Number of protein chains: 2
Amino acid sequence: MTLVDWTARFQGTAALPRDVRDRLQRSAQTVRYAAGKSVFGPSNIPDSLMFLVDGTIRVSQTSENGRDIVLYRVEAGESCVLTTACMLAEEAYNAEGIAETDVTAIILPRTSFDQLVSEEPAFRSFVFAAYSRRLIDLLRVVDDVAFGRIDVRLAERLLGLARDDQDIATTHQQLASELGTAREVVSRVLQDFAKRGLISQTRGHVTLTDRAGLRAIAQS
Amino acid sequence: MTLVDWTARFQGTAALPRDVRDRLQRSAQTVRYAAGKSVFGPSNIPDSLMFLVDGTIRVSQTSENGRDIVLYRVEAGESCVLTTACMLAEEAYNAEGIAETDVTAIILPRTSFDQLVSEEPAFRSFVFAAYSRRLIDLLRVVDDVAFGRIDVRLAERLLGLARDDQDIATTHQQLASELGTAREVVSRVLQDFAKRGLISQTRGHVTLTDRAGLRAIAQS
DNA sequence: ATCCTTCAGTGATATTGTCACCCAAACCGA
DNA sequence: TCGGTTTGGGTGACAATATCACTGAAGGAT
């Protein structure tokens, strides 16, 4: 898939001017990452912009003492502005992007990116919107972490992660990393949920047995 | 001050093309806010971009139950991208900008902003850099709130807020709002600092008496 | 089977947040 | 100048969350 196709598919923009288009065809490249691979990180600073065609990238931050927190996820049709931010600010940051599923993306060198931004208003608004969405995502994270209760946050995540069969294949440690807390804390809250009949657990699995009950907790 | 002057002063860019310049002179306006006034907020969504000429804007987030946390400050020469983000994402957010000192700013209607971004590469990079800086600021806030100890964070803030005379005119409540914690917590930590000879307190004032000691705490 | 790694459970303790107060300093009008 | 009022700060009890140091169980590998 080319970047032109990508913009057409996800942004609904009309075809770009032919000369822009030709430049893009030449400069954009498709890359793939297997699930679990690091897409970018402190030790792996990209010099290109990424546009996700398929899959999910989980962006999380790791503390000195090894605790994690998930900042947001990049889905197909979105771009990963944090890499841009890093490139532009040329500042160290400790966020890392991990391919949560197999990932296909288009990368665009910075010079081409600059051109496209200047010449295509639709692309430009897309980029600004992407930045805006991330800023707002982060505001939400700050709000949750600073003021939220973990039982509420955990209930939210469980509802968000559950498939139709209500089963979530995850460990307590992974859930703790989602929320930026410790495994023991998650274990205790899940035990409480189980005692109240909201979920059931086996090793490596959480099954939702009362979504309505969880929603009640998530909303408080 | 015009926006053209502003870019020259803070961005070091050469004069803009004459036609762009003329458009700007016509569309940009200077606004002033007295210290303490709300510059933007959930109930006061701006439709223009702001560029700070003088003063400081404190951007903070308020939780349901009234606790605050300071996200970052906008200083002279910077722009407030959160308003942009809000405009573009057209999503609700609960951050608010308060003039911390008397503030002078230039506002630019959105259409003019779009034009300038598309026509002036230097301005465009400025805007991207502004976004990037805020993203990184927020990463820092997330890290602090999720993983930091309050004594460490409080020591950092005290060092950052102190003037040369080592005196800070602030209340415990204000410090609590900086960190997103409760007043009682700040009171107790400050008492501990005072007991250890790092600070002294009077009503409405904190005086640093041992900066080195505070730095030692701030680094841990 | 037996080891071995990963996952989960638990008690003790530290840190931080919440609640319900109290008291004192500064402010303000009469 | 007095007395009331507002604001800032102190305190104890308790709740929520984090940390530490373990334990044992589940499931995979040899």
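Observations on the structure shown:
- Directionally averaged shadow of the range B:60-159, computed from the convex hull of its alpha-carbon atoms, nm²: 8.1 nm²
- Radius 15 Å from Cβ of B:A218, net charge of other residues (Lys, Arg +1; Asp, Glu -1): -1
- Inter-copy label distances at B:Q25, shortest first and taken from points set 7 Å along Cα to Cβ: 4.6 nm.
- Between the range A:134-176 and the range B:163-220, the alpha-carbon centres lie 34 Å apart.
- Using a 7 Å Cα-to-Cβ projection, A:E64 label spacings across copies, nm, ascending: 3.4
- Pairwise burial A:B, computed as accessible area of each alone minus the pair, summed, 1.4 Å, Å²: 3400 Å²
- Taking a point 7 Å out from the Cα of A:S220 in the direction of its Cβ, the residues of the range A:161-190 whose backbone N falls within less than 17 Å of it are A:188-190.
- Relative contact order of the range B:43-125, taken over Cα pairs closer than 8 Å and 6 or more residues apart, is 40 percent.
- The amide H of A:L71, built 1.01 Å from its N in the peptide plane, has A:V59, A:S60, A:Q61 as neighbours under 5 Å, considering only residues 5 or more places off or on other chains.
- Comparing the full protein assembly with the isolated chain, the residues of the range A:106-139 losing at least 30 square angstrom of accessible surface (1.4 Å probe) are A:V117, A:S118, A:R124, A:F128, A:Y131, A:S132, A:L135, A:I136, A:L138, A:L139.
- Whole-percent carbon and sulfur share, accessible surface of chain A, 1.4 Å: 46 percent
- Å² per residue, accessible surface of the protein assembly as shown at 1.4 Å: 46 Å²
- Per residue, the protein assembly as shown reaches -14000 deg cm²/dmol at 222 nm when only DSSP H runs of four or more residues are counted, each adding -39500 (n - 2.57).
- Inter-copy separations for A:R140, label at 7 Å along Cα-Cβ, nm, ascending: 2.5
- The range A:149-219: Cα Rg divided by the 2.2 N^0.38 Å rule of thumb: 0.95
- With loop membership from DSSP and a limit of 10 other Cβ atoms within 10 Å, the longest segment of chain A without GluC sites (Glu not before Pro) is A:91-220.
- Remark on the range B:140-175: accessible area falls by at least 40 square angstrom from chain-alone to full-complex state for B:V142, B:D143, B:V145, B:A146, B:F147, probe 1.4 angstrom.
- The trypsin sites (Lys or Arg not before Pro) found in the range A:112-186 that occupy coil by DSSP, while having at most 14 further C-beta atoms within 10 Å, are A:R149, A:R163.
The values are calculated or read from the model by the stated rules, or taken from the named source; none is laboratory data. All values derive from a computational prediction rather than experimental measurement. Positions of Cβ are generated from backbone atoms using ideal geometry, with glycine treated the same way; all protein chains shown enter the neighbour counts. Only protein heavy atoms, including side chains, enter the accessible area calculation; ligands, DNA and RNA are left aside. Shrake-Rupley method; radii C 1.70, N 1.55, O 1.52, S 1.80 Å.
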